[in-house]
Amino acid sequence: MSADAALKTPLAFDPLKVRAEFPILAREVYGKPLVYLDNAASAQKPEAVLEALRRGYAEEYANVHRGLHFLSNRSTERYEAARASIARFLNAERAEEIIFTSGSTDALNLVASSWAEPRIKAGDEIVLTILEHHSNIVPWHYLRERHGAVLKWAPIHDDGSLDMEAFEKLLTDRTKLVAITHMSNALGTILPAKELIAMAHARGIPVLLDGSQGAVHLRPDVRDLDVDFYAITGHKLYGPSGIGALYAKREHLDAMRPYRGGGEMIREVTMETVTYADPPHRFEAGTPPIVQAIGLGAALDWMMALDWPAAQAHEADLIAYAHERFGQFNWLHPLGTTAEKGAILSFTMDGAHPHDISTFIDRQGVAVRAGHHCAQPLMDRYDVPATTRASFALYNTREDVDRLMDALLKCRELFA
Amino acid sequence: MDDALRDLYQQTILEHGRKPHNFGRLDPHSHAAKGSNPMCGDRVVVTLTVDGGRVADIRFEGRGCAISQASASIMTDLVKGRPLDEVRTLLDAFTAMATTGETPGGGLAEDDREAIRLMSGIHAFPMRVKCATLGWRTLEAALDNQSQTTTEAQPGKQEAAR
Ligand SMILES: Cc1ncc(COP(=O)(O)O)c(C=O)c1O
């Protein structure tokens, strides 16, 4: 970050002010102030979201799209307004291109089941990267097991960046879909999505981006990316769990078969036949998580009201500072050091296993994640069973990094 | 460092974790099993030879946290040379201790109880109990002639992991 940006940051984006909007961050654990660095697993919620949830239940609650009464109209309005917020957040052309799902896992399964499954024949190829989360692996394994699809894995360089040449070579006339992460949850690597999408489109191959992390740290613009499918999950976006969304280009949605069957997704049901509603409702069977959707809308409205370039500069400063501090100790080994990465730092430490590190520093009030991060192929790539991961959010500060380092130094004393 | 941590990471445990006893693979052996904890990816392999109703020799290998390595190491020390009925008693006592924090009195020699109590600090860390039981569950699977187990299998009714 330039000195100029450093000077401007506190004026445009004040992390302490943002932090004060998250009540949970004021609490203590084990008598120590909480340092919450497990944001890639799930982020905390600002007052704006908590208030939207409270209002959703306390003042405006009824089922959506069914009743003709006042509250049903009101909750339907709020629910559809949340869809519009997601569309605005992703810069989708229309709200109808946004399907509510229960999270990105559900969104990815929706694409696999409704778009890919009817189109995949034995020998057809799906291109993934070795960075993928199990949520963007297992649905494709289903197609391999059930229909003979072939999974092709794009490799990475040691610094965690994608091997672009190898990726391009995987694109063949058998490739039916490229399904890749926008940003790795385990390493923080940001993929050059626009470029990759252009490569795939040049060969007529559609692209699905798993935006579970990307949507949190980058400001994805689905039209600029020209991406075909983009999956997001609410609980990482400062919103509730149990809600997420799939963006899909209208042309794909029109051509996709329904996902789950039930109420809300039909036009007409007789004893002999059924016809389906138009997108997006065709893909939303049953009573949705109404208030969670409204909460997600509130979370994205909250994010959109921030000075985004300044917020991003703050996250860039945090991760740069964390890497700088880690660089001071030769017993700490960050995984994923490419410059093209977001605010996630995965590492191993000499003499201590990630689980022991996590248990130990938890007692200093520092919450991190230890494990394989649902990315076992990636762990195998680095030949480690697990890593410790510190992942940052807008409300974290350099002081949080310092607290993490202090805790790691104490941990080192015990295990070295 | 707080008391719960100090209880969990006692010097003896750290030493076992750093330099596990009976580490490696016994070949030939009469019983063997692989155990894994799908939650965290930790793995151990237990190989042993049963001769005349006793555990004549036993080794384990694997990678994992200090707790899983130390627990498996202490286990091999404890069961080596022991008749199988005593091994089963130890196994049950350890499992009970890890899940309840209490060491059952009945049928255990004072030395055994002390050895098992070494790991009783785990009880304050529910998320880590499976780290401590992994080696023991794998030994149980080996004795039951099951080649694989996971920490998700029910005690006493091990399902073969796929
Ligand atoms: C990259 C990535 N993909 C998919 C998921 C799955 O998200 P969810 O569990 O909210 O469906 C996650 C989060 O765990 C993730 O980080």
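Brief remarks on what is shown
- Averaged over the residues of B:3-10, the number of partner chain Cβ atoms lying within 10 Å of the residue Cβ comes to 3.
- Between helix A:138-147 and chain A: long-axis angle, C-alpha atoms, 0 to 90°, nearest 10: 50 degrees
- Assuming charge only on the beta carbon of Lys and Arg (+1) and of Asp and Glu (-1), the dipole of the stretch A:251-299 about its Cα centre is about 160 debye to the nearest 20.
- Inter-chain Cβ neighbour average for residues A:355-362, partner chain, 10 Å: 6
- Listed residues A:308, A:360, A:347: farthest to the positive end of the dipole of the stretch A:284-382 (Cβ charges): A:360
- Members of A:152/A:176; A:17/A:194; A:17/A:236; A:152/A:194 lying beyond 23 Å, as alpha-carbon distances in this model show: A:17/A:194
- Cα shape, the stretch B:5-162, gyration tensor, a/c 1.5 rule: rounded
- Straight-distance crosslink candidates among lysines, where the alpha carbon sits under 25 Å from residue B:19 and sequence neighbours closer than 8 are dropped: A:410, B:34, B:80, B:130
- When peptides A:64-72, B:118-126 are ranked by their average number of other Cβ atoms within 10 Å per residue, the highest-first order is B:118-126, A:64-72.
- Cβ-based net charge around residue A:385, under 12 Å, with every Lys or Arg adding one and every Asp or Glu removing one: -1
- Scanning residues 5 or more positions from residue A:341 or on other chains, those with amide H under 5 Å from its amide H are A:190, with H placed 1.01 Å from N in the peptide plane.
- Among A:156, A:187, A:140 - extreme Cα towards positive end, dipole of the stretch A:128-195, charges at beta-carbon: A:140
- Reachable aspartates and glutamates, given that their alpha-carbon falls under 19 Å from the alpha-carbon of residue A:341 and they are not under 8 places away in the same chain: A:38, A:132, A:158, A:159, A:163, A:195, A:210, A:221, A:315, A:317, A:324
- Shape of chain A, Cα gyration tensor, a/c cut at 1.5: oblate
- Between the listed residues A:73, A:200, A:242, the Cα displaced farthest toward the positive end of the dipole of chain A, a dipole computed from Cβ unit charges relative to the Cα centre, is found at A:73.
- The loop-placed GluC sites (Glu not before Pro) in the stretch A:23-119, going by DSSP, that have at most 10 neighbouring Cβ atoms within 10 Å of their Cβ come out as A:59.
- Given +1 at the Cβ of Lys and Arg, -1 at the Cβ of Asp and Glu and no other charges, the dipole of the stretch A:1-153 around its Cα centre is 140 debye to the nearest 20.
- Degrees, to the nearest 10: A:70-90 long Cα axis against longest axis of chain A: 60 degrees
- Per-residue 3J(HN,Hα) values for the stretch A:215-221, derived from phi via the Karplus relation 6.51 cos²θ - 1.76 cosθ + 1.60 with θ = phi - 60°, read 5, 7, 10, 10, 10, x, 10 Hz in sequence order (x marks Gly and Pro).
- Shape call, the stretch A:39-92: gyration tensor on alpha carbons, a/c limit 1.5: oblate
- Among the GluC sites (Glu not before Pro) in the stretch B:1-103, those placed in a DSSP loop whose Cβ has at most 14 other Cβ atoms within 10 Å are B:102.
- Sum of -39500 (n - 2.57) over DSSP H runs of 4+, divided by residues of the protein assembly as shown (222 nm, nearest 500): -12000 deg cm²/dmol
- Considering only beta bridges that DSSP places wholly inside chain A, some 60 percent are antiparallel.
- Residue by residue along A:384-393, Cβ atoms of other protein chains within 10 Å of the local Cβ number 2 on average.
- Placing unit charges on the Cβ atoms only, positive for Lys and Arg and negative for Asp and Glu, gives the stretch A:168-285 a dipole magnitude near 260 debye about its Cα centre.
- Each part reduced to its alpha carbon centroid, the stretch A:124-201 and the stretch A:84-103 end up 24 Å apart.
- Helix A:3-12 and the longest principal axis of the C-alpha atoms of chain A enclose an angle of approximately 60°.
- Highest average packing first - A:396-409, A:302-315, Cβ atoms within 10 Å: A:396-409, A:302-315
- Residues with amide H under 5 Å from that of residue A:181, placed H, sequence gap 5 or more: A:129, A:210
Every number in this text was worked out from the coordinates using simple rules, so none of it is lab data. A quick note: this is a predicted structure, and the numbers were derived from the prediction, not measured. Glycine also receives a Cβ, built like all others from the backbone with ideal geometry; neighbour counts cover every protein chain displayed.
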